[in-house]
1. Give the residue, chosen from Ala68, Ala40, Ala32, that is modelled with pLDDT of 75 or more, in a helix (DSSP H, G or I), under 27 Å from Ile120 (Cα atoms) and small (Gly, Ala, Ser).
2. So Ala140 ticks every box in (1) surrounded by 15 or more Cβ atoms within 10 Å (Cβ to Cβ); (2) over 22 Å from Phe51 (Cα atoms) but one. Which box is left unticked?
3. Can you tell me which residue among Ile170, Ile201 is outside any strand (DSSP E or B) and among the aliphatic types (A, V, I, L, M)?
4. Which numbered condition trips up Val190, out of (1) part of a strand (DSSP E or B); (2) at pLDDT 90 or above; (3) touching an Asp or Glu at 6+ places or on another chain (Cβ under 8 Å)?
5. Among the listed residues Gly172, Gly107, which satisfies the condition of being among the small types (Gly, Ala, Ser), under 19 Å from Gly45 (Cβ atoms) and surrounded by 12 or more Cβ atoms within 10 Å (Cβ to Cβ)?
6. Quick one: which of Gly53, Gly88 is in contact with a Leu (Cβ under 8 Å, 6 or more places away or on another chain) and either closer than 21 Å to Ser159 by Cβ or not hydroxyl-bearing (Ser, Thr, Tyr) (or both)?
7. Can Ile109 be described as farther than 30 Å from Leu131 by Cα, hydrophobic (A, V, I, L, M, F, W, C) and modelled with pLDDT of 80 or more?
8. Any residue that is among the aliphatic types (A, V, I, L, M) and either buried (at least 18 other Cβ atoms within 10 Å of the Cβ) or within 11 Å of the chain's Cα centre (by Cα) (or both) - is there at least one of those in the stretch 62-71?
Amino acid sequence: MMRALAGLTGAVAVVAMAGAASAQPAERSGMARFVDRLGAGFYGGISISTFQGNDVDETMMFSNTAKASPTFGGLLTIALEERFALQGEVAFATKGASFADPLGTEGTINLYYIEFPILIKFQRAFTNVALRGYTGFAPAVMLEARIEDQFGGLVDVSSTTRGWDVGWVIAGGLGVGPLFFDLRYEVGLVSVEDGAEGGDIEAHNSVLSLLGGYAF
């Protein structure tokens with residue numbers, strides 16, 4: 001009788017241990033942990049662009065004034081730690097400026113780019129609100145460059161415009177749940193005019209953007 005009771009007790013213990021082991025969650029794979037660190041989203045907004053540089057400021061050939069254009073894109077983030085993340089983006093952006101020359105001709109210089117910003121993001125969360133900051137670089141490939149005058153005439157200036165750009169980005173914003181709102185400034189690190197080193201006017205893109213988006 002005692003042997004039977006001991007055997008039954010041992011069997012119950014084995015079953016209980018097996019049940020406890022099966023109740024433990026399986027260790028997540030490295031790929032699953034990596035996916036947990038990923039995020040994505042999209043954004044859109046308005047960019048105010050102009051040119052800057054000593055040559056632009058000093059030339060009397062035309063007045064250089066800001067113009068507004070739409071911008072939009074998508075993003076992918078990977079968390080580096082609790083407050084820092086690496087953010088990559090693909091965006092469509094129109095840069096350039098409005099102008100008026102001494103003869104009274106007015107128009108806009110429109111430079112169309114696909115940008116690939118690579119940014120370090122800092123975020124500090126407070127309940128459902130988060131403060132956000134970014135910095136990094138934005139390589140870009142030019143799609144088209146053209147001048148449009150006040151009469152609707154178009155002139156293709158791609159042949160005299162550099163086919164790529166690299167901007168330095170600094171930004172700050174606010175996140176509210178999945179929504180975010182950013183104020184972003186970008187300055188071009190190279191001249192938009194091809195061959196500027198050879199004596200042409202050196203002009204760099206300068207862009208201030210107000211963006212809103214959704215992250216998930």
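The values are calculated or read from the model by the stated rules, or taken from the named source; none is laboratory data. What you see is a predicted model, and the numbers here were worked out from it, not measured in a lab. Positions of Cβ are backbone-derived with ideal geometry, glycine not excepted, and every protein chain shown enters the neighbour counts.
1. So the residue among Ala68, Ala40, Ala32 that is modelled with pLDDT of 75 or more, in a helix (DSSP H, G or I), under 27 Å from Ile120 (Cα atoms) and small (Gly, Ala, Ser) is Ala32.
2. Ala140 satisfies all of (1) surrounded by 15 or more Cβ atoms within 10 Å (Cβ to Cβ); (2) over 22 Å from Phe51 (Cα atoms) except (2).
3. One residue alone meets the criteria, Ile201.
4. (1)
5. The match here is Gly172.
6. One residue alone meets the criteria, Gly88.
7. Here the answer is yes, as Ile109 does meet what is asked.
8. No, because not a single residue in the stretch 62-71 is among the aliphatic types (A, V, I, L, M) and either buried (at least 18 other Cβ atoms within 10 Å of the Cβ) or within 11 Å of the chain's Cα centre (by Cα) (or both).
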